[in-house]
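A quick write-up on the structure given underneath.
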Amino acid sequence: MKSEHQEASNEASRPPSSSVGSDKPETSAGFIQDHRQRALAYAFRLCGSQHLAEDVVQDVTLEVDKHWQEIQYPAAWMQRRSSTS
């Protein structure tokens, strides 16, 4: 029978099972393909124009690709950049 202390130390040594951003794809291309529609919808809600939303998402997608190695949480990063573009 394990003590509470042993249980806690076993849990601490395991990687988190579902933390935000823990499933970051190896490349930006897969991420962009999976998140483009969501980014377009978000940008449209912010600016109210499909044309402007597409421009914003295109600019942000180029930035995601350029900074991919430094980005830890790509979905949050993309949303924040969309709102400040």
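The values are calculated or read from the model by the stated rules, or taken from the named source; none is laboratory data. Given the structure is predicted, the values throughout are model-derived calculations rather than measurements. Please note: Cβ atoms are built from the backbone with ideal geometry, for glycine as well, and neighbour counts cover all protein chains shown.
Checked against (1) small (Gly, Ala, Ser); (2) surrounded by 14 or more Cβ atoms within 10 Å (Cβ to Cβ); (3) over 14 Å from GLN79 (Cβ atoms), ALA39 meets all criteria but (3). Scan segment 44-82 for residues that are in contact (Cβ under 8 Å) with a residue 40 or more places away in the chain and more than 16 Å from THR27 (Cα to Cα) and jot them down. Result: ALA76, GLN79, SER82.
Counting only helices (runs of 4 or more DSSP H) that fall entirely inside the chain and contain at least 2 residues that are modelled with pLDDT of 90 or more and not hydrophobic (A, V, I, L, M, F, W, C), the qualifying elements are 28-47, 50-67, 74-84.
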